[in-house]
Amino acid sequence: MSGPAAGTASAATTTDVVCLGESMVTFLPSQPGRLADVPSFGRGIGGAESNVACALAAAGHRAAWVGRVGADGFGEHLVETIAGYGVDTSAVRRDPVRPTGIYFRTATDRGTDTHEVAYYRAGSAASAMSPANVPYEELFAGRILHLSGITAALSADCLELLRELTAARPGRPLVSFDVNHRPHLWRGGDASVLLELARRADLVFVGEDEAEEAWGIVGAEAIRAAVPEPSVLVVKRGSAGATVFASGLRPGPRSSNAGGAEDADTVTHVPALRVDVVAAVGAGDAFAAGFLSATLRGLTVRDRVRHGHLMAAAVLTVPGDLTEPPARDHADRLAALDDDAWGRLRLGPGWTAADRAPEEVRTP
C-alpha cells in the first residue's frame, strides 16, 4: 500500500504519542574547542523526534518512535538507547544498504559563532523513508502523531511522506508539527514547504526566529495570520516566553460558524523561566514534550506552556539533550504558582530533585 488508509486510528489505541523522524548517533567532545583540536569524543544520541519520545516516556506516557536505521552497530545503539527510556521501538525498520547517520559537534552553544557541527547523514537509512516503506498502522495508532520539519528536509521521499501524513483524512490522529527549521539542511532547497506542512497540522510549534528566517514573517500575530488553520499554534519567543493561539483543542481544521466566520482565537502568553543554562541543546524538543504531556492530560493552555518551559529547563540545566524530567507532582506544583511566584522562579542544575523543592522559588 502506497499510503495510509482512512480510519486507521482506533478509539482503543494504547499509545499516547507516536514520533516519526531520524535519530543519529552523536559524538560529544571531551573538552571545549574546535573540532580539529578535540582529542576524543563520547557517544550519545540525537534526534528531535526521538528526543520528544524519550522525554514523554520518562514523564510517564506511552510513547513510540518510528524511524529507519542502518543494519549496523550505530543503528543498534540508537534503538537500544531509545528503548531504554521506555519508548516503544518495535516499528523501527533496518535498512540493509544505507547507514545510520552520525554527527560530531563542539561543546559551545549552538547559537554562537564558534559552534561547529559535522553531519554524516547524506544517504542515510532515514533519508530513504517514503510513503511506500513506513508502517502506517503503527504511525496512526496513537492519540497524537508528532512530526518535524527536519524530516521534510532529508529527501524528496521524506517530504512526500510528511505530505501524506499531514493530509486530512477520517480517523487521523491529532498531528503535532514542530517546524524545526535547520538552515544547513535547506541549502539549495525551498524551506517554504515548512509553511505548507504547518498549515496542514493540528498543533504547531514554531520559533519567531525561525519563522523570520524561513518565511520572512515577523511577529507572533503575523505568524498566526500566515498559519491560520491549526487549532493550536505555539509561537516560541525565546527569553520572552511563548504565545499560544488556540481556536480549539481537538484534531482537525478550525471550524466555521453558520455565517462562515472562523472561530475567534484565544491568545495566551506565558513568560519564560529564568534558567542557569548549562547547555542550550535539546530545549525545543523538551518544550514540545512538556506541552504535549500537558495536552494529553487536558490541562489549561497556560499550564501546557508552563510544563513546556519546565521540561525545557530540565534539559537546559544538564550537558546533554536528554535528562530525567521533574516528578509530575513537582512540575504540577510549580506550574500552579501564581504569576508573581512564577516570575520569581529561577532554576539551576539539580532543580528537578524533590528535595530542592523548598528553595526553588527565590529572588536572584
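General observations
- Selection within the stretch 312-337 - open to solvent by 20 Å² or more (accessible area, probe 1.4 Å) and assigned to a helix (DSSP H, G or I): L316, R328, D329, D332, R333
Conditions (1) modelled with pLDDT of 95 or more; (2) closer than 27 Å to H309 by Cα; (3) surrounded by fewer than 17 Cβ atoms within 10 Å (Cβ to Cβ), marked per residue:
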residue	(1), (2), (3)
E137	no, no, yes
R143	yes, yes, no
A152	yes, yes, no
S176	yes, yes, no
F205	yes, yes, no
G219	yes, yes, yes
V227	yes, yes, no
L233	yes, yes, no
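- Long-range neighbours under 7 Å by Cβ, at least six apart or interchain, first residue farther than 13 Å from L159 by Cα within the stretch 170-190, second in a loop (DSSP other than H, G, I, E, B) and open to solvent by 60 Å² or more (accessible area, probe 1.4 Å): P170/A6; G171/A6; R172/P251; P173/P251; L174/P251
- Residue-level analysis places P251 among those that are under 21 Å from P173 (Cβ atoms), outside any strand (DSSP E or B), at pLDDT below 95 and open to solvent by 30 Å² or more (accessible area, probe 1.4 Å).
- Single residue of the stretch 47-79 satisfying the filter (in a strand (DSSP E or B) and hydrophobic (A, V, I, L, M, F, W, C)) that is farthest from the chain's Cα centre (by Cα): V69
- Subset of the stretch 32-65 that is touching an Asp or Glu at 6+ places or on another chain (Cβ under 6 Å) and not small (G, A, S) - its residue that is surrounded by the fewest Cβ atoms within 10 Å (Cβ to Cβ): L35
- Residue in the stretch 73-86 that is open to solvent by less than 10 Å² (accessible area, probe 1.4 Å) and touching a helix residue (DSSP H, G or I) at 6+ places or on another chain (Cβ under 9 Å) present: yes
- Residue list for the stretch 261-298, restricted to those being part of a helix (DSSP H, G or I) and farther than 15 Å from R143 by Cα: A283, G284, D285, A286, F287, A288, G290
- V87 farther than 26 Å from V117 by Cα, among the β-branched types (V, I, T) and under 17 Å from the mean Cα position of the chain (by Cα): yes
- Failed criterion for G123 (all others in (1) more than 28 Å from V278 (Cβ to Cβ); (2) touching a strand residue (DSSP E or B) at 6+ places or on another chain (Cβ under 7 Å); (3) small (G, A, S) hold): (2)
- Taking the criterion of being closer than 18 Å to M24 by Cα and either touching a residue at least 40 places away in the same chain (Cβ under 8 Å) or under 16 Å from the mean Cα position of the chain (by Cα) (or both), the residues of the stretch 135-164 that qualify are H146, L147, S148, G149, I150, T151, A152, A153, L154.
- Check on D285, among the charged types (D, E, K, R) and crowded, with 24+ Cβ neighbours inside 10 Å: yes
- Verdict on D95 being among the charged types (D, E, K, R), surrounded by 20 or more Cβ atoms within 10 Å (Cβ to Cβ) and either in contact (Cβ under 8 Å) with a residue 60 or more places away in the chain or touching a helix residue (DSSP H, G or I) at 6+ places or on another chain (Cβ under 9 Å) (or both): yes
- Residue match in the stretch 273-282 (condition: open to solvent by less than 30 Å² (accessible area, probe 1.4 Å) and either over 20 Å from the mean Cα position of the chain (by Cα) or hydroxyl-bearing (S, T, Y) (or both)): no
The values are calculated or read from the model by the stated rules, or taken from the named source; none is laboratory data. Because the structure is predicted, anything quoted here is derived from the model rather than measured. Cβ sites come from the backbone with ideal geometry, for glycine too, and all protein chains shown count toward neighbours. These accessible areas exclude ligands, DNA and RNA; they are computed on the full protein's heavy atoms, side chains included. Shrake-Rupley method; radii C 1.70, N 1.55, O 1.52, S 1.80 Å.
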